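These notes concern the structure reproduced below.
The values are calculated or read from the model by the stated rules, or taken from the named source; none is laboratory data. Fair warning: this is a prediction, and the values are worked out from it, not measured in the lab. Here the Cβ positions follow ideal geometry from the backbone for every residue, glycine too, while neighbour counts run over all protein chains shown.
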Amino acid sequence: MKVIDINHTDKTPEVIFDTELREFRINGYSRPENIREFYVPILNTLQKEFSSIVSSGDTNLYSFHFQLEYYNSSSAKFISDIIKVIKQYADTGLHVSILWYFDKDDDEMQEAGEDFSSISNIPFKYIAV
C-alpha cells in the first residue's frame, strides 16, 4: 500500500513509500518553495509507519532509493532528517538498505551520498547511472 505517493513537479521530487513493496523512493529535483510544507508531512508519515511496523514485530528489509538530480541546501537538511528517521528505526531492529543513485559524471552527488552515509553511520550502496 502506498502511504506516500507524491508526483514530481519541476521543483519537487517524486516521493513514494510503498509498505507492501517495502520500498521508499525519492526521485528528481528538490527545491520546493515551502520546504517545511513539503517535507514535514513526509517525515511525520515515516515516523508513524515505522513505529507501527516495528511495533508489529516486522523487521524485514526495507529499501530506500535516493535518486536526486539536484537538491538545494534547505532540502539537504530534510533529506538528512529522513535518513535520521531511517537510522532511528534501523537501530531498533528494522533491516534497511539505502541506495544512493548519482550520475556517473557527478562527483558532487556521489560525495553528498558519502557524507550522508558517514553522518548517519549507515552504509549506503552507490549506483552510478
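Give me a count of the residues in segment 50-76 that are under 14 Å from the mean Cα position of the chain (by Cα), under 19 Å from Gln88 (Cα atoms) and in contact (Cβ under 8 Å) with a residue 40 or more places away in the chain.
6
Could you go through segment 104-118 and let me know if any residue there is at pLDDT below 95, part of a helix (DSSP H, G or I) and within 24 Å of Ser51 (Cβ to Cβ).
No, that holds for no residue.
Out of all the residues in segment 1-28, which are buried (at least 16 other Cβ atoms within 10 Å of the Cβ) and assigned to a loop (DSSP other than H, G, I, E, B)?
Thr12, Pro13, Thr19, Arg22
Determine which single condition Thr92 fails, assuming it passes every other condition in (1) within 15 Å of the chain's Cα centre (by Cα); (2) of a type in the set (S, T, N, Q); (3) within 16 Å of Ile122 (Cα to Cα).
Against the list (1) within 15 Å of the chain's Cα centre (by Cα); (2) of a type in the set (S, T, N, Q); (3) within 16 Å of Ile122 (Cα to Cα), Thr92 comes up short only on (1).
Would you be able to say whether some residue in segment 29-42 is over 20 Å from Phe116 (Cβ atoms), part of a loop (DSSP other than H, G, I, E, B) and either aliphatic (A, V, I, L, M) or over 14 Å from the mean Cα position of the chain (by Cα) (or both)?
Yes - at least one qualifying residue is present in segment 29-42.
Filter segment 59-79 for residues that are more than 23 Å from Arg36 (Cβ to Cβ), in contact with a Ser or Thr (Cβ under 9 Å, 6 or more places away or on another chain) and part of a loop (DSSP other than H, G, I, E, B) and give the result.
Thr59, Leu61
If I filter segment 1-44 down to residues being basic (Lys, Arg) and under 15 Å from Ser63 (Cα atoms), which single residue comes out as modelled with the highest pLDDT?
Arg25
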